[in-house]
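Chemist: Handing you this structure, nothing more for now.
Bear in mind that the values in this text are calculations on the coordinates, not laboratory data. All values derive from a computational prediction rather than experimental measurement. No Cβ is skipped: glycine too gets one built from the backbone with ideal geometry, and neighbour counts run over all protein chains shown.
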Amino acid sequence: MSTSAPTLTYEVTVGDGTTRTARIVRTARNDDGVAHYHVELLAEDGSVDTTVELDTIRPEPGVLNLMYGGKSIEAGIVPFDEGVDVDIRGLSHEVAVVDPRRKALRTGGAAGGGSVKTQMPGRVVRVLVSEGDTVEKGSALVVVEAMKMENEIKSPRDGVVSRVSVAEGDLVEARAVLVELE
Amino acid sequence: MAAKRRPIRKVLIANRGEIAVRVIRGCHELGIATVAVYSDADRRSLHVRMAMEAHHIGPAPSAQSYLRADRILEVAQETGADAIHPGYGFLSENAGFARAVAEAGLVWIGPPPAAIDAMGSKTESRARMAAAGVPVVPGTKQALESFEEARQVALDVGYPIMLKAAAGGGGKGMRRVFSEDELASAFSAARSEAASSFGDDAVYIEKLIVEPRHVEVQVLADNYGNVVHLFERDCSIQRRNQKVVEETPCPVLPPETREAMTAVACRAAEAVDYEGAGTVEFLYGADGSFYFLEMNTRLQVEHPITEMVTGVDLVKAQLRVAMGEPLWFSQDDLKQVGHAIELRVYAEDPTRNWAPSPGPVPGYREPGGPWVRVDSAMYAGAEVPVHYDPMVAKLVVWGADRNDAIERSDRALREYRVRGIHTTIPFFRALLRDPDFRSGHYSTAFLDGDRMERLCADMGETDPLSASLAALVHAYERDLAAGTRSPQPGGPTNRWKWSFR
């Protein structure tokens, strides 16, 4: 049994890689949970670069099994903000999937531009900088403790601290913003 | 020595996570009722679900829950438990707690408090072991007064030697010296470094163990003076002094050294009137020498590999010894059969400098099949709290020989799925491929420096296309379900066209 569905467009970025535009439409969905999709990845000039016919199931919570081109891929799916952390063969891929129209609405596309985040949840044990401080790439900004270990969160670049978003003793979630850089 | 039978009908497990689950399993096999304790962070933890009773003991931080000896003892008495099993970590090597348990009229499932005390202090245990004829790393703990004294001590100990800062640690003020002509400059360098690092220029000399391995011996003693050993475990593969992989037998231990080392381990246990399960740790040098390091007076994390090759259930053995049962087998009954490997699954991300990776685990599937065992407290829907140790599971695999065990371990790792958090699983696949690991020739320095980087880079190819596709499907279904998106005008793809493909 097929159900028709709309085509949606997204901007997709894997890790620090280049951002690509992608179109996706569900072409079929069966009673047994098998769903088919047609995906087009666009080149920079807007032409279709790669097309993929996908066959998918969701065998258990948090898992998507993909088949395409004769391959079977088990993907662990953990959503965050506007993205998905995809685990394939134990390796993580942080994929940002953004609606281009919503992105246009956001100020200056501030997708992590000036903010330093913590990868792990934990407790802030020390804040080493304050607003107005000049920091160098690699210098420690905040120390977050998780699982009995202290972890220094370092500055990704040279800059000036425009805002400190956490205080000592705060509990922070994964990907929480700790410090904003100018 | 408590030499009388005492039945145990209900055990309180003063621990959490995988080891609490392990102890509960041992109790249930013996028909013993179980009481779990838990903190605010652990209501959903598997040990709470598996135990027959469970009691809340405090907020998430260990100091306010799993280390609250008074509160745990209170729960034991309220629930009518007649024994306490401490697991490892937390209160397991706290002689004061062991005494309090006994004074409350309960059975402490562990060695006598005096044995914990004797082995708890590095200097005291070293002195007692030396007196019992157990080899300790030769050297002085006294500061050297002069170069002449250093020269004499180095000569007595024998080169190579290590100069160490008396006040120090962390490698500062340490010098390896391989011959006497290097000694003078190393001595003055170590002293000045010690002075500038610790404000004290005192240094001492210890024998340098070249490319040491960490080899330990499992012992088991009853309350009647019978001591047996259950052979060795090689725990040399460590990261920052944390064991990562263990195996048994040690791949390079000659039979005569095994015999000597296990005999010494039994002597060490006898010297402190040990009871129950314990582990005697040795440094094993490339030259075949071995030296006492310390004794762990509790059940060890890596105990399952010993269980796999000997067929002895160590938790049940602890319980039976605690009930006053004399050992039901002799040394001659014990054999090492095949090979076993343990891989410690940590909730850490090897691709991000081993950053802790706690959080919810929405999906989880353990490997199965022949001779594969997983000791963990994980399940789909569990959460790894930020408050405790990052070790979340132990993959334990048995093989007919070492190569068989390695191949099976790799196969099991392929099957192992942990969703939502990052783990060391992909790192282990790279480690199992390492030629030096394969050959069995490695030391405690195995994961230092270059190799760690190389292994982390060798965890496999990322798959950005598949990841993008999975993320797109997820976003698409999410947005469709939420009704937040409608087809974009001007899109060149006609949806009707697709539906007829």
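Chemist: Could you give the angle, 0 to 90 degrees to the nearest 10, between helix B:180-198's Cα long axis and the longest principal axis of the Cα atoms of chain B?
Modeler: 60
Chemist: While we're looking at this one, here's another question. Excluding B:Val396 itself, calculate the net charge of residues whose Cβ lies under 12 Å from the Cβ of B:Val396, where each Lys or Arg counts +1 and each Asp or Glu counts -1.
Modeler: Here the charged neighbours net out to -2.
Chemist: May I ask for the angle, rounded to the nearest 10°, between helix B:122-131 and the longest principal axis of chain B, with both axes built from Cα atoms and the value confined to 0 to 90°?
Modeler: Computed tilt is about 50 degrees.
Chemist: What is the sum of charges around B:His85, taking Lys and Arg as +1, Asp and Glu as -1, for the other residues whose C-beta is under 12 Å from the C-beta of B:His85?
Modeler: +4
Chemist: Also: Could you please rank A:Glu152, B:Glu461, placing first whichever residue has the fewest other Cβ atoms within 10 Å of its Cβ?
Modeler: B:Glu461, A:Glu152
Chemist: Alpha carbon centre of region B:143-201 versus region B:248-311: separation in Å?
Modeler: Cα centres, region B:143-201 to region B:248-311: 31 Å.
Chemist: With each pseudo-label sitting 7 Å past Cα toward Cβ, what's the B:Ala457-A:Lys117 distance in nm, one decimal?
Modeler: For the pair B:Ala457/A:Lys117, the computed spacing is 2.8 nm.
Chemist: Let me know the mean shielding of B:415-428 by other chains, meaning the per-residue number of their Cβ atoms within 10 Å of its Cβ.
Modeler: Taking the mean over all residues of the peptide, I get 4.
Chemist: How much length would be gained if the chain were fully extended between A:Arg101 and A:Val125, taking 0.36 nm per residue of separation minus their Cα-Cα distance, in nm to one decimal?
Modeler: Here the answer is 4.7 nm.
Chemist: Express in % the proportion of alpha carbon pairs of the protein assembly as shown at distances exceeding 36 Å.
Modeler: Tail fraction, whole percent: 51.
Chemist: Using alpha carbons only, how many degrees (0 to 90, rounded to 10) separate the axis of helix B:255-271 from the longest principal axis of chain B?
Modeler: That works out to roughly 80 degrees.
Chemist: Also: For B:Phe292, B:Phe437, what ranking results if the residue with the fewest other Cβ atoms within 10 Å of its Cβ goes first?
Modeler: B:Phe437, B:Phe292
Chemist: If you don't mind, another one. Run through region A:119-182 and list the trypsin sites (Lys or Arg not before Pro) located in a DSSP loop whose Cβ has at most 10 other Cβ atoms within 10 Å.
Modeler: A:Lys137
Chemist: Can I ask one more? Return B:Val301, B:Val384 ranked ascending by Cβ neighbour count within 10 Å, so the fewest neighbours appear first.
Modeler: With the fewest neighbours first, B:Val301, B:Val384 line up as B:Val301, B:Val384.
Chemist: To the nearest 500 deg cm²/dmol, what mean residue ellipticity at 222 nm is calculated for the protein assembly as shown from DSSP H runs of n ≥ 4 alone, each contributing -39,500 (n - 2.57), summed and divided by the residues?
Modeler: Calculated from helices alone, the mean residue ellipticity at 222 nm is -8000 deg cm²/dmol.
Chemist: Restricting to DSSP loop positions (anything but H, G, I, E, B) with no more than 12 other Cβ atoms inside 10 Å of their own Cβ, which trypsin sites (Lys or Arg not before Pro) remain in region B:209-317?
Modeler: B:Arg240
Chemist: What are the trypsin sites (Lys or Arg not before Pro) within region B:14-96 that DSSP puts in a loop, where the Cβ has at most 16 other Cβ atoms within 10 Å?
Modeler: Taking region B:14-96 and a limit of 16 other Cβ atoms within 10 Å, the loop trypsin sites (Lys or Arg not before Pro) found are B:Arg43, B:Arg44.
Chemist: Let me ask you something else. Once you average over the residues of A:70-77, how many Cβ atoms of partner chains fall within 10 Å of each Cβ?
Modeler: Counting other chains' Cβ atoms within 10 Å and averaging over A:70-77 gives 5.
Chemist: Between B:Arg176 and B:Arg43, what's the calculated FRET efficiency when r is the beta-carbon distance and R0 is 56 Å? Round to 0.05.
Modeler: Given R0 = 56 Å and the Cβ-Cβ separation, E is 0.65.
Chemist: Let me know the number of lysine pairs in chain B closer than 15 Å at the Cα, not counting same-chain pairs under 8 apart.
Modeler: 7
Chemist: I would also like to ask the following. For B:Arg267 and A:Thr134, what does the FRET efficiency come to when R0 = 60 Å and r is the distance between their Cβ atoms, rounded to the nearest 0.05?
Modeler: 0.45
Chemist: Would you mind calculating the relative contact order of region B:337-457 from Cα pairs under 8 angstrom and at least 6 residues apart, reporting the percent as a whole number?
Modeler: The normalised contact order for region B:337-457 reaches 33 percent.
Chemist: Mind ordering B:345-352, B:325-332, B:407-414 by average Cβ neighbours within 10 Å, highest first?
Modeler: B:345-352, B:407-414, B:325-332
Chemist: If each residue of separation counts as 0.36 nm, what is the full-extension length gain between B:Val337 and B:Ala286 once their alpha-carbon separation is subtracted?
Modeler: 15.8 nm
Chemist: Moving on to the next point. Let me confirm one metric for peptide A:92-102, namely the mean number of other chain beta-carbon atoms within 10 Å of its residues' beta-carbons.
Modeler: Averaged over the peptide's residues, the number is 5.
Chemist: Here's something else I'd like to know. Cβ under 14 Å from B:Gly363's Cβ, B:Gly363 left aside: what net charge do those residues give with Lys, Arg +1 and Asp, Glu -1?
Modeler: Around B:Gly363, the surrounding residues sum to -3.
Chemist: Between B:Arg438 and B:Glu211, what length in nm is gained on full extension when 0.36 nm per residue of separation is reduced by their alpha carbon distance?
Modeler: Fully extending the segment from B:Arg438 to B:Glu211 adds 80.0 nm.
Chemist: With both bridge residues required to lie in chain B, what share of the DSSP beta bridges run antiparallel, to the nearest 5%?
Modeler: Taking every DSSP beta bridge with both residues in chain B, the antiparallel ones total about 80 percent.
Chemist: Between B:Ala482 and A:Ala43, what's the calculated FRET efficiency when r is the beta-carbon distance and R0 is 25 Å? Round to 0.05.
Modeler: 0.25
Chemist: Same structure, new question: Taking just the alpha-carbon atoms of chain B, what radius of gyration and Dmax come out, in angstrom?
Modeler: 26.1, 93
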